[in-house]
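Peer 1: To start, I am sharing the structure in question, which I have written as structure tokens.
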Amino acid sequence: MTAFSQADANNDVVEFTYEDLNRIVFEPFIESTTNFISNAGKTHGQCEIFFFGKYGVDAYLAEKLTRANPGRLEYYHSFIKDSHERISSGAVSSVLSTYKSQIPFFSDKQSSRQETILEENSIIINGDYSYDFIVAIDFGNTSSGCSYVKLRDNKGRPASTQSIKTIKEDWPACNALEFEKVPTLLMYGKNMKPKYWGEEARLQAKRHQDLNLLGNFKLFLRPDPLEKLYDQNHDLEETKEQGEFVNDRNETRNFTAVKVIADYLKLFKNHIIEHIVTKEYNDNFNDFTRARLLRKYKMRYVITVPAIWDMPARDTMVQAAIKAGMITRRDLDRLIIISEAEAVALSCEKRFTEYFNKADGSVDDTNFIVCDAGGGTVDLVTFNLQYNEKKEAMLCQIGDGVGDTCGSTLLDVRFKKYLFDFYLSCGVNIDESNIQLDDVMQEFIKNQKPGFMPNSYGDSYYEIDLPGKGVINTSSNSNYILANGNTTLKMKNQDMKEKIFDPIVERIISLINNQLEEAERGCAKINAILMVGGFSQSRYLQQRIKDKYKGRCHVSVPYDGVTTISHGAASYALNPRLLSKKFANQSLGLQVRSPFMKSLTDLDKEKIKGPDGDENFEKDRLEYFVTRGEELEGERQTVHKKDVYVVYPNAASC
């Protein structure tokens, strides 16, 4: 049957049937609308969906939607007279009722319950792999790395997931023999658009001193002050200033942490996709194909964050990933956030016997601490390892994680301060004299910092080549030794130990002591400490920790500790059930009006009327769904429910 006719360019009449109309117009529209609503429902979990508007009563749309979500959605409908007028009157009513919004009532006689809605996180949907790759990103303060798993071959068939590959080469401007990760650095051009990143940004900074080189921006990801996150404020301002998160030459230009991280992740993401696809599928990236190929393959991303970050901090990381174009708000399930310590534990799972070094050779029921010493932070989490009846390893977190801003970047800050103090003793202001310390700092970071070990005789020195022509005024410089015509500063080995390393190392040892004491209070003996992260490669840090805990627990430094975080994150996406238990790192509650309780309430506190008119309720009570430290069942997603109610027609306010 003809639906309508239309003349073409030659004035020939073309007839369109209802079947054509459905295939070309209605079916694509209904299909895209159904997918959009289904994805929104998955994102927000269990919820009710209300339809209104012209297509809100379309029976075909409702049928397609319920068929696409069997068992999840049921369709109920009701027709309201004068619905268009009711929409506008409802908008006016909502404004008029805001002045009498009401905190909901809660009765302790009602049921508080929880319901498991998802047994495990899975990359497989309806028997088919829904992604081409898993991409795990170790986003670090000083350097970042990536591992990936290929899920489908070039013909779309499921591929073996046994091999997790780590990108150790082909980073921009990096030497493959020297770099396994890429520096977390970003340079902006004069138009405030990202221009260079990674090691290339560092190299270009020498040639373009008028541009903006930013580093250490992960430390400022959180919207809250950093001292609140770590409960300490050690060297925070020095880190902020000397880490060059804010460039003094452009004080009027504002950089937000989310923007900088999103810009960095976008460049990072595009590079690794090009690397992965070229390696695995031999696709040819060029100026004409790049945009298409970057969109062609579907990636599931895993990003690691410090273990003690709370939900707001993790949510901010998600916002940065959205801005970077890694995911959209419609497909948040494409992104997994995992703590760095959990990723480490999973990466080491295959070699626990070697790392634990237990006398009986058994690793079942072993307690161990993961010490992730990175560039900005040092985080520690304690785990228990057990094997189930299927001989599968199961990890369970014990207690709370701890952390502090005492990563290797703080060594750089202290070393730079030592140089500032030296020049000041010579009557020289580094900033006013425009003295460039970039080469001096790179020499310290690459050569002196990793291999430092104190000299027991105290008669050795580190020679620091001063920039420019050295210094002239040394008359009041008795605390420093100069050589080579005052162009070389000879720093005592003992000064390097006491002024640069020891204050930071002591803070790390304090964190380990905290975890050991907490475990002992819970009657758990720690069998081993695993040291990972870039700072863990410091010979001095390793030796101090091994000496401190010799005879108490075994200390291991995995040989691939620098790349183990991204590797473990990929393992997690493949098998999240390895993490059998976690603990809530914050409490979640609802402000309610609750029955008056003498044991919990100030007797002088004002009582209010309840729904039945009796004055036996109090306001401003927090009713918790989850409390901090509460044991959670690994990756089982659970809905916690409490029954609350408001007195009609007031609105609820949380």
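The values are calculated or read from the model by the stated rules, or taken from the named source; none is laboratory data. The structure presented is a predicted model; accordingly, all values stated were derived computationally and were not measured. Cβ sites come from the backbone with ideal geometry, for glycine too, and all protein chains shown count toward neighbours.
Peer 1: Just a yes or no: is a residue in segment 478-499 part of a loop (DSSP other than H, G, I, E, B), charged (D, E, K, R), touching a helix residue (DSSP H, G or I) at 6+ places or on another chain (Cβ under 9 Å) and in contact (Cβ under 8 Å) with a residue 40 or more places away in the chain?
Peer 2: no
One line per residue, one yes/no per condition, for (1) touching a His at 6+ places or on another chain (Cβ under 7 Å); (2) part of a strand (DSSP E or B); (3) buried (at least 17 other Cβ atoms within 10 Å of the Cβ); (4) of a type outside the set (Ser, Thr, Tyr):
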{"residue": "Thr304", "(1), (2), (3), (4)": "no, yes, yes, no"}
{"residue": "Ala313", "(1), (2), (3), (4)": "no, no, yes, yes"}
{"residue": "Thr316", "(1), (2), (3), (4)": "no, no, yes, no"}
{"residue": "Ile336", "(1), (2), (3), (4)": "no, yes, yes, yes"}
{"residue": "Ala341", "(1), (2), (3), (4)": "no, no, yes, yes"}
{"residue": "Lys350", "(1), (2), (3), (4)": "no, no, no, yes"}
{"residue": "Glu354", "(1), (2), (3), (4)": "no, no, no, yes"}
{"residue": "Val370", "(1), (2), (3), (4)": "no, yes, yes, yes"}
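Peer 1: Quick one: which of Lys546, Lys469 is among the basic types (Lys, Arg) and modelled with pLDDT of 90 or more?
Peer 2: Lys546
Peer 1: Given the criteria touching a residue at least 12 places away in the same chain (Cβ under 8 Å), farther than 24 Å from Asp138 by Cβ and either outside the structural domain of Tyr480 (by TED's automatic domain parsing) or touching a Phe, Trp or Tyr at 6+ places or on another chain (Cβ under 8 Å) (or both), does Thr405 qualify?
Peer 2: no
Peer 1: Could I ask something else about it? Do you know which of the residues in segment 260-292 that are farther than 17 Å from Gly140 by Cβ and of a type in the set (Asp, Glu) is surrounded by the fewest Cβ atoms within 10 Å (Cβ to Cβ)?
Peer 2: The residue in question is Asp287.
Peer 1: Condition first: outside the structural domain of Val413 (by TED's automatic domain parsing), of a type in the set (Ser, Thr, Tyr) and modelled with pLDDT of 85 or more. Can you find one or more residues in segment 245-257 that meet it?
Peer 2: No, that holds for no residue.
Peer 1: Further question on the same structure: When segment 9-48 is examined, which residues are found to be at pLDDT below 70, within 22 Å of Arg330 (Cα to Cα) and exposed (fewer than 12 other Cβ atoms within 10 Å of the Cβ)?
Peer 2: Across segment 9-48, the qualifying residues are His44, Gly45, Gln46, Cys47, Glu48.
Peer 1: What's the total number of residues in segment 438-453 that are surrounded by 17 or more Cβ atoms within 10 Å (Cβ to Cβ) and either basic (Lys, Arg) or not in a helix (DSSP H, G or I) (or both)?
Peer 2: Adding up the residues that qualify gives 2.
Peer 1: If the requirement is being touching a Pro at 6+ places or on another chain (Cβ under 8 Å) and either of a type in the set (A, V, I, L, M) or within 26 Å of Met299 (Cα to Cα) (or both), which of these qualifies: Ala159, Ala201, Ala173, Ala205?
Peer 2: Result of the check over Ala159, Ala201, Ala173, Ala205: Ala201.
Peer 1: Are any of the residues in segment 411-433 modelled with pLDDT of 85 or more, in contact with a Lys or Arg (Cβ under 9 Å, 6 or more places away or on another chain) and among the aromatic types (Phe, Trp, Tyr)?
Peer 2: yes
Peer 1: Here are some residues: Ala291, Ala262. Which one is more than 14 Å from the chain's Cα centre (by Cα) and modelled with pLDDT of 80 or more?
Peer 2: Ala291
Peer 1: Restricting the first residue to segment 331-342 and requiring it to be touching a residue at least 40 places away in the same chain (Cβ under 8 Å), which pairs with a second residue that is among the aromatic types (Phe, Trp, Tyr) and buried (at least 24 other Cβ atoms within 10 Å of the Cβ) meet a Cβ separation below 6 Å and a spacing of at least six or different chains?
Peer 2: As it stands, the answer is Ile338/Tyr572, since those pairs meet every condition given.
Peer 1: Considering every residue within segment 485-506, establish whether at least one is at pLDDT below 90 and loosely packed, with under 14 Cβ neighbours inside 10 Å.
Peer 2: Yes, segment 485-506 has at least one match.
Peer 1: Continuing with this model, one more query. Kindly provide the set of residues from segment 261-297 that are part of a helix (DSSP H, G or I), more than 26 Å from Asn212 (Cβ to Cβ) and of a type in the set (Asp, Glu), ordered by number.
Peer 2: Glu280
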